[in-house]
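The next block holds one structure in the form of structure tokens; read it before the comments.
The values are calculated or read from the model by the stated rules, or taken from the named source; none is laboratory data. Nothing here was measured: the structure is a model prediction, and the numbers come from that model. Using ideal geometry, Cβ is built from the backbone for each residue, glycine included, and neighbour counts are taken over all protein chains shown.
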Amino acid sequence: MELIKLSGINKYFGSGENRVHVLKDISLTIEKGDFVAIIGQSGSGKSTLMNILGCLDTPTTGSYRINGTEAGRLGADQLAGLRSKTFGFIFQRYNLLSSLSAVDNVALPAVYRGMRQQERTNRAKELLRELGLGDKFPNKPNELSGGQQQRVSIARALMNGGEIILADEPTGALDSKSGEMVMEIITELHAKGHTIILVTHDKTIASYASRTIEIKDGDIVSDTRSREDIATAGRPQTEQKKSAFGYLKDRVSEAFRMSVQAIFSHKLRSLLTMLGIIIGIASVVSVVALGRGGQAQIMANISSIGTNTIDIYPGSSWGDMRSNRVRTLTVSDSDLLAQQSYIDSATPNVSTSGTVVYGNESVSASVSGAGEQFFDVRGVELVQGRLYTADDVMGIASVAVIDENTKNRLFPDSNPIGQVLIFSKKPLEVIGVAKRAGTMGNNDSLTIWVPYTTVMSKITGAKHINSITVKIADDVNSQMAEGNLTQLLLAKHGSQDFFTSNSDTIMQTVESATGTMTLLISGIALISLIVGGIGVMNIMLVSVTERTKEIGIRMAIGARQANIMEQFLIEAVLICILGGAVGVGISALIGWGFNSMPMEFKMLFSSESIALAIGCSTAIGVIFGFMPARGASKLNPIDALARE
Ligand SMILES: Nc1ncnc2c1ncn2[C@@H]1O[C@H](COP(=O)(O)OP(=O)(O)O)[C@@H](O)[C@H]1O
Ligand SMILES: [Mg+2]
């Protein structure tokens with residue numbers, strides 16, 4: 001039965017002046033079950049012919065039919081299928097994968113064929129045992145002798161059946177004893193029904209075969225048959241049932257395993273590749289956490305000022321240079337506002353600063369004069385004693401509530417309540433100690449709260465006030481209240497000589513400002529991620545180049561383009577995810593360090609930003625790994641295999 005039929009095969013290498021005609025009009029048929037030796041001197045074209053037979057290379061012209069199918073019409077995947085199921089290659093230099101054990105090397109063709117893990121391991125072990133390597137399962141190729149390596153490669157050729165065994169100088173690198181052993185195994189395989197095509201330059205080796213074809217300078221010069229023994233014994237078929245899902249799962253997990261192996265066998269290179277991703281992800285996650293923490297802190301401070309409050313200042317805006325000199329707000333403005341139905345309370349604020357004296361101590365402090373509502377509106381909490389009341393304000397009482405800083409400075413060990421401070425030559429009796437709920441900015445300053453009436457008439461003598469703080473009635477819209485009181489004061493003053501500030505508006509401003517900052521810094525971090533991605537691509541490209549031979553071997557034993565692509569893509573993604581995870585870990589470390597220091601705020605990590613970071617690094621792996629992976633999968637099997 002005709003298995004292989006070559007007609008008019010020509011093969012040229014190179015182009016132009018360097019074009020060489022390596023195979024010249026070769027026509028040849030090979031029967032199923034035959035044992036053919038192709039003999040010829042070095043450079044005569046034997047390997048070229050063999051590679052065409054094994055569908056590793058394509059002829060320049062001519063027809064090659066295998067089992068009646070024209071090989072030239074088959075696509076890359078179908079050719080890979082032929083290499084996987086029909087052919088078994090035995091190379092002069094074994095071509096084992098150095099990172100895999102003997103068992104894994106033998107089992108590899110079955111991975112690409114979709115055999116289950118358990119089944120293929122068992123089969124690989126059985127084949128190795130049959131070839132006398134029962135004690136070498138876990139050994140890597142460099143732990144085996146040449147003869148042993150060649151037997152591993154024979155086992156590999158048989159893994160998927162190996163209907164046609166293609167052996168290119170299988171004994172070329174072996175001592176004569178190992179060579180003899182290999183030839184005996186090959187002869188045995190012929191007896192079992194395998195079709196054998198053997199390439200050699202050695203007449204003794206060729207004498208094992210039943211038919212000898214001699215080629216010289218690309219021409220067949222003789223074709224002699226020494227024995228009429230076409231093997232007909234039924235060769236054990238290894239057809240396996242496979243579920244599509246089981247196949248996919250197995251294939252991906254195998255690609256995953258190989259990627260992990262590749263990453264860990266080049267630890268430093270993998271680490272350097274990851275560096276860009278690590279830095280990028282660590283900075284994105286940290287910056288977002290910093291931004292969120294800072295924002296949360298500022299929000300907490302603002303809400304401690306009191307929501308539902310509106311402050312009214314003289315001048316036209318915060319930047320108004322004249323606002324210090326504008327003296328348009330008066331206590332009567334505050335009283336007028338307090339009478340409005342949409343306003344819960346209004347308190348004038350006057351402030352001044354100076355030296356506070358107690359006993360021998362004198363310290364500088366700021367004095368904040370306000371109504372009794374101030375404490376409630378501003379969230380000032382009583383710590384000790386009492387706050388001043390409406391009666392104190394009405395009665396222009398010389399009383400003071402001091403903050404904790406002042407207490408610590410002037411009364412470190414004693415009870416301040418009832419003691420008298422001197423401010424601006426005026427006595428003030430301490431009635432309470434209080435603290436602000438949220439502290440913002442400089443928290444070393446000393447503050448003393450005194451009724452505004454006392455400040456105005458006893459201390460500064462001023463007629464104007466610095467600001468009015470209004471608390472809006474419940475259920476009243478703050479914007480509406482703001483609009484109404486602006487109208488009211490405008491009517492009273494006749495001109496817009498004041499401006500209002502609403503805590504809601506401040507919050508919105510802060511929110512958008514910190515949001516913008518986070519976005520900006522994230523943008524910078526994103527750039528570093530892209531740079532990292534390019535690094536990954538670069539290294540993957542190098543890796544593809546470096547492992548071209550490996551890719552060639554995988555293709556020779558039946559890997560399809562998709563298998564190669566998967567492997568490299570998974571590798572890129574894995575590197576990026578690992579980098580991302582390390583990056584998240586580093587930023588967690590930064591956060592831990594930051595949060596254990598006495599900072600004004602804490603870093604807040606969100607699961608979204610971490611998920612986003614990991615998602616990002618995966619995407620980078622896919623995007624930047626795609627090109628090198630595709631490049632690897634598009635390699636021509638024989639070109640890849642020929643690379644050293
Ligand atoms: N990829 C190639 N590019 C150019 N020339 C090649 C290539 N492969 C083989 N050749 C040439 O083709 C001729 C036959 O090579 P080959 O088939 O390897 O011979 P053999 O296996 O009989 O020693 C040699 O002259 C070799 O230099
Ligand atoms: Mg050769």
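Observations, loosely collected:
- Cβ-Cβ contacts under 7 Å between residues 6 or more apart (or on different chains), taken from a first residue in the range 370-395 that is free of Cβ contacts under 8 Å to residues at least 40 places away in the same chain to a second residue that is surrounded by 14 or more Cβ atoms within 10 Å (Cβ to Cβ) and not aromatic (Phe, Trp, Tyr), are listed as THR389/GLU372; ALA390/GLU372.
- Taken over the range 12-22, the criterion of being more than 8 Å from ligand 1 (Cβ to nearest atom) and within 29 Å of ASP223 (Cβ to Cβ) is satisfied by TYR12, ARG19, HIS21.
- Subset of the range 382-397 [of a type in the set (Val, Ile, Thr) and in a strand (DSSP E or B)]: VAL383
- Restricting the range 36-57 to residues that are in a helix (DSSP H, G or I) and near ligand 1 (Cβ under 9 Å from one of its atoms), the residue that is surrounded by the most Cβ atoms within 10 Å (Cβ to Cβ): LEU49
- Residue in the range 599-606 that is among the basic types (Lys, Arg) and farther than 30 Å from VAL544 by Cβ present: yes
- Residue match in the range 95-106 (condition: modelled with pLDDT under 95, of a type in the set (A, V, I, L, M, F, W, C), within 16 Å of ligand 2 (Cβ to nearest atom) and outside any strand (DSSP E or B)): no
- Criterion: surrounded by fewer than 20 Cβ atoms within 10 Å (Cβ to Cβ), closer than 17 Å to GLY532 by Cα, among the aromatic types (Phe, Trp, Tyr) and more than 13 Å from the chain's Cα centre (by Cα) - qualifying residue of PHE626, PHE594: PHE626
- If you go through the range 205-220 and keep only what is among the small types (Gly, Ala, Ser), farther than 14 Å from GLU169 by Cα and under 57 Å from the mean Cα position of the chain (by Cα), you end up with just GLY218.
- Yes/no for ILE610 being touching a residue at least 40 places away in the same chain (Cβ under 8 Å), more than 30 Å from ARG560 (Cβ to Cβ) and either in contact with a strand residue (DSSP E or B) (Cβ under 8 Å, 6 or more places away or on another chain) or not assigned by TED's automatic domain parsing to the domain that holds LEU56 (or both): yes
- Those residues of the range 398-425 which are assigned to a helix (DSSP H, G or I) and touching a helix residue (DSSP H, G or I) at 6+ places or on another chain (Cβ under 9 Å), in sequence order: none
- You will find that of ALA209, ALA167, ALA191, the residue that is of a type in the set (A, V, I, L, M), surrounded by 21 or more Cβ atoms within 10 Å (Cβ to Cβ) and away from ligand 2 (no atom under 14 Å from the Cβ) is ALA209 and no other.
- Close Cβ contacts (under 9 Å, 6 or more residues apart or on different chains) running from residues in the range 25-49 that are more than 18 Å from ILE165 (Cβ to Cβ) to residues that are within 15 Å of ligand 1 (Cβ to nearest atom) and of a type in the set (Gly, Ala, Ser) comprise ASP25/GLY218; ILE26/GLY45; ILE26/GLY218; SER44/GLY218; GLY45/GLY218; THR48/GLY218.
- Where a residue in the range 342-361 is within 12 Å of VAL377 (Cα to Cα) and in the same structural domain as PRO451 (by TED's automatic domain parsing) and its partner, wherever it lies, is buried (at least 20 other Cβ atoms within 10 Å of the Cβ) and of a type in the set (D, E, K, R), with Cβ under 6 Å and at least six apart: ASP344/LYS471; SER345/LYS471
- Scanning the range 159-186 for residues that are within 16 Å of ligand 1 (Cβ to nearest atom), part of a loop (DSSP other than H, G, I, E, B) and among the aliphatic types (A, V, I, L, M) yields one hit, ALA173.
- GLY33 meets all of the listed conditions (1) out of contact with any Lys or Arg (no Cβ under 6 Å at 6 or more places or on another chain); (2) near ligand 1 (Cβ under 10 Å from one of its atoms); (3) in a loop (DSSP other than H, G, I, E, B) but one, namely (2).
The rows are residues; the columns are (1) surrounded by 21 or more Cβ atoms within 10 Å (Cβ to Cβ); (2) in the same structural domain as ASN95 (by TED's automatic domain parsing); (3) modelled with pLDDT of 80 or more.
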site	(1), (2), (3)
SER522	no, no, no
LEU526	no, no, no
LEU529	yes, no, no
ILE551	yes, no, yes
ALA556	yes, no, yes
ALA559	yes, no, yes
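- Those strands (runs of 3 or more DSSP E) of the range 434-518 in which at least 1 residues are touching a residue at least 60 places away in the same chain (Cβ under 8 Å) and among the aliphatic types (A, V, I, L, M), considering only elements entirely within it, cover 447-451, 467-472.
- Qualifying residue in the range 72-89 (condition: of a type outside the set (S, T, N, Q), within 16 Å of ligand 2 (Cβ to nearest atom) and more than 22 Å from TYR12 (Cβ to Cβ)): yes
- Just one residue in the set ARG83, ARG65 is away from ligand 1 (no atom under 14 Å from the Cβ), in contact (Cβ under 8 Å) with a residue 60 or more places away in the chain and surrounded by 21 or more Cβ atoms within 10 Å (Cβ to Cβ); that residue is ARG83.
- Pick from the range 285-319, criterion in a loop (DSSP other than H, G, I, E, B) and at pLDDT 70 or above, ranking: surrounded by the most Cβ atoms within 10 Å (Cβ to Cβ): GLY315
- Residues being farther than 25 Å from GLY45 by Cβ and either out of contact with any Lys or Arg (no Cβ under 7 Å at 6 or more places or on another chain) or within 16 Å of ligand 1 (Cβ to nearest atom) (or both) - total across the range 136-158: 16
- Residue in the range 86-99 that is more than 16 Å from ligand 1 (Cβ to nearest atom), out of contact with any helix residue (DSSP H, G or I) (no Cβ under 7 Å at 6 or more places or on another chain), in the same structural domain as GLU163 (by TED's automatic domain parsing) and farther than 12 Å from LEU6 by Cα present: yes
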